[in-house]
Amino acid sequence: MGADQRDTAAGAPAPRRLFVYNGGLWANRRVRRILTLAGWAPRLGLPAEGDCVGVWGHSSTAWRGERIAARRGARLVRIEDAFLRSLRTGRAGEPPMGLLIDETGVHYDPSRPSDLETLLATHPLDETALIARARGAIDLMTRGHVSKYNAFTAEAPLPEPPYVLVIDQTRGDASIVHGGADEATFRDMLAAAEIEHPGMPIVVKTHPETAAGHRPGHFGPEVESPRVRRVTAPLDPWRLLEGAVAVYTVSSGMGFEAILAGHRPRVFGGPWYAGWGLTEDERAFPRRGRRLTRAQIFAGAMVLYPTWYDPAHDALCGVEQVITMLEARARAFREDRVGYVAAGMRLWKRRPLAAFFGSERRMLFREGPAAVKVARATGRRLMVWAGHEASLGDTGAEPVLRVEDGFLRSRGLGAALTPPLSLVLDDLGIYYDPTRESRLERLIAASVRLPEGARARAER
């Protein structure tokens with residue numbers, strides 16, 4: 001169960017011993033840290049009766065732990081990535097922002113119960129505070145365009161709406177295999193989309209791991225036709241859902257996002273979100289007779305079930321913090337991915353600036369008109385320390401970003417060469433110059449329309 005349900009006060013029970021036999025589980029520092037904070041004590045060796053054995057879902061190495069647990073009378077715990085994971089995929093080396101720690105089964109295997117299925121079937125999910133929290137987090141997630149993976153760009157051209165959206169997945173994905181689907185299921189799904197929506201354009205969205213070349217999907221160029229278009233670019237999934245008149249999936253997590261976006265997706269596999277009255281299902285789910293609202297299923301699956309982690313504070317947290325962090329990380333990725341040429345920066349400021357803005361592409365430092373020239377030649381964004389803009393000379397049509405210390409700067413002064421803890425980046429002007437509009441001025445003018453999640457963040 002999620003962090004919200006655990007007793008973390010003084011005098012809490014001692015950590016439960018969790019024996020692991022998967023190199024990834026043992027070697028992944030982030031996974032081990034989350035487990036430790038959640039009250040588990042990962043270790044090697046052989047369990048005693050009453051101990052637990054941890055395995056990664058139904059992975060290819062899970063059999064080791066399953067066999068030892070059966071022989072030693074230990075309880076089996078299945079672990080998976082949480083439903084909001086990271087900026088890039090795990091195969092790109094990104095650590096997860098949360099885990100699903102299930103002592104009954106695994107969420108994507110409908111052949112047996114899981115903690116998530118039991119929670120959705122039996123928890124009242126009717127507390128006013130819980131449902132209000134779920135609605136606020138849904139709003140935060142949809143407004144921030146936060147998805148499981150978030151390395152997509154706003155500039156990538158979207159298909160012309162309306163269209164039917166068909167979601168591809170990687171071959172061999174555990175949710176496909178254990179959800180009772182196979183390659184033929186994907187062919188049937190595409191055929192159904194074409195038959196049920198005659199004349200309507202079909203957009204096939206590939207999985208991010210397929211687009212990155214890590215794992216093949218089920219739909220290749222051979223499915224393309226005047227009517228069927230396959231998109232491999234890193235598109236914003238929420239904007240894709242906005243243009244769709246119908247959504248078809250086997251067991252993709254994007255099917256859940258489609259529910260949050262107001263769709264009733266057609267489901268051809270056995271994902272955890274099917275069978276609760278929010279999807280059109282090709283198969284029956286006998287244990288899932290309950291009808292849930294969007295807020296209820298979100299409350300169970302995103303608030304109560306996962307164990308979320310805040311890497312900034314090295315602590316467990318709620319889903320709201322994870323959404324906020326992923327939105328900020330994705331926004332920084334989109335802003336920084338083309339890189340910067342910076343001018344007017346004193347030598348001691350360059351390392352802190354590179355730490356702020358150089359995670360995606362190395363920053364270049366030039367002075368005067370040379371900075372403008374390099375920015376144009378390399379496609380990087382042009383940055384200047386506020387007050388030094390005149391040193392650039394004629395920038396023409398080149399946009400200029402102005403940088404200044406943030407309002408909460410540091411324990412020491414800049415004059416003492418103390419690096420700043422926050423910076424302001426302004427594409428319009430700068431906050432201390434009232435002769436022209438600044439980005440801060442525009443944000444303040446629009447602040448009366450702040451959504452609930454943004455207001456709550458400001459109050460914190």
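All of the numbers you see were taken from the coordinates with simple rules; none came from a lab. Model, not experiment: these values are computed from the prediction. Glycine gets a Cβ as well: all are built from the backbone with ideal geometry, and neighbour counts include every protein chain shown.
Per-residue HN-Hα couplings for the range 408-419, Karplus 6.51 cos²θ - 1.76 cosθ + 1.60 at θ = phi - 60°, whole Hz, x for Gly and Pro?
10, 9, 5, 7, x, 8, x, 4, 8, 6, 7, x
Not counting the cut sites, what is the longest span of the chain without chymotrypsin sites (Phe, Trp or Tyr not before Pro) that DSSP labels loop and that have at most 12 other Cβ atoms within 10 Å?
Answer - 1-406.
If Rh is defined by the Kirkwood formula over all Cα pairs and Rg also comes from Cα, what ratio Rg/Rh do you get for the range 399-460?
For the range 399-460, the value is 1.04.
Quote the FRET efficiency, to the nearest 0.05, computed for R64 versus H313 with a Förster distance R0 of 35 Å and r equal to the Cβ-Cβ distance.
In this case the efficiency is close to 0.55.
Considering the dipole of the range 338-459 built from charges on the beta carbon (Lys and Arg +1, Asp and Glu -1) around the Cα centre, which of S422, H388, P352 is farthest to its positive end?
P352
For a footprinting-style exposure proxy, rank T249, T61 by other Cβ within 10 Å, fewest first.
In order of increasing Cβ crowding within 10 Å: T61, T249.
Compute the angle between helix 183-196 and the longest alpha-carbon principal axis of the chain, please, reported from 0 to 90 degrees and rounded to the nearest 10.
Once rounded, the angle reads 70 degrees.
Within a 10 angstrom radius of the beta carbon, how do S251, S225, S175 rank from fewest other beta carbons to most?
Least crowded to most crowded, the residues run S225, S175, S251.
Report the one residue of H313, M302, G270 whose Cα lies farthest in the direction of the positive end of the charge dipole of the chain (charges on C-beta: Lys and Arg +1, Asp and Glu -1; origin at the Cα centre).
Checked the options; the winner is H313.
Report, by chain and number, residues whose modeled amide H sits under 5 Å from the one on V53, excluding near sequence neighbours (fewer than 5 apart, same chain).
Amide H neighbours of V53, under 5 Å, 5+ apart: F19, R75, L76, V77.
Which shape class applies to the range 337-393: rounded if a/c is under 1.5, otherwise prolate when a/b exceeds b/c and oblate if not, where a ≥ b ≥ c are the square roots of the Cα gyration tensor eigenvalues?
oblate
Tell me which of I195, L35, A121 sits at the most positive position along the dipole axis of the chain, charges placed on C-beta atoms (Lys, Arg +1; Asp, Glu -1).
L35
For the range 3-122, just say rounded, prolate or oblate: build the C-alpha gyration tensor, square-root its eigenvalues into a ≥ b ≥ c, call rounded for a/c under 1.5, and beyond that prolate if a/b exceeds b/c, oblate if not.
Rounded is the answer for the range 3-122, as its axis ratio a/c remains below 1.5.
Counting other Cβ atoms within 10 Å, which GluC sites (Glu not before Pro) in the range 365-449 have at most 15 and lie in a DSSP loop?
E367, E437
Under 1.5 on a/c is rounded, so check that first for the range 151-275, then, if it is not, pick prolate when a/b is larger than b/c and oblate when it is not; a ≥ b ≥ c are the square roots of the alpha carbon gyration tensor eigenvalues.
rounded
Sort I195, I176 so the one with the fewest other Cβ atoms within 10 Å of its own Cβ comes first.
I195, I176
Of all GluC sites (Glu not before Pro) in the range 193-296, which ones are in loop regions per DSSP and have a Cβ with at most 15 other Cβ atoms within 10 Å?
Answer in residue order: E224.
Roughly how tilted is helix 128-143, in degrees to the nearest 10 and between 0 and 90, from the longest Cα axis of the chain?
Here the helix axis deviates by roughly 50 degrees.
Can you give the angle from 0 to 90° between the axis of helix 369-378 and the longest principal axis of the chain, with both taken from C-alpha atoms, to the nearest 10?
Tilt of helix 369-378: around 30 degrees.
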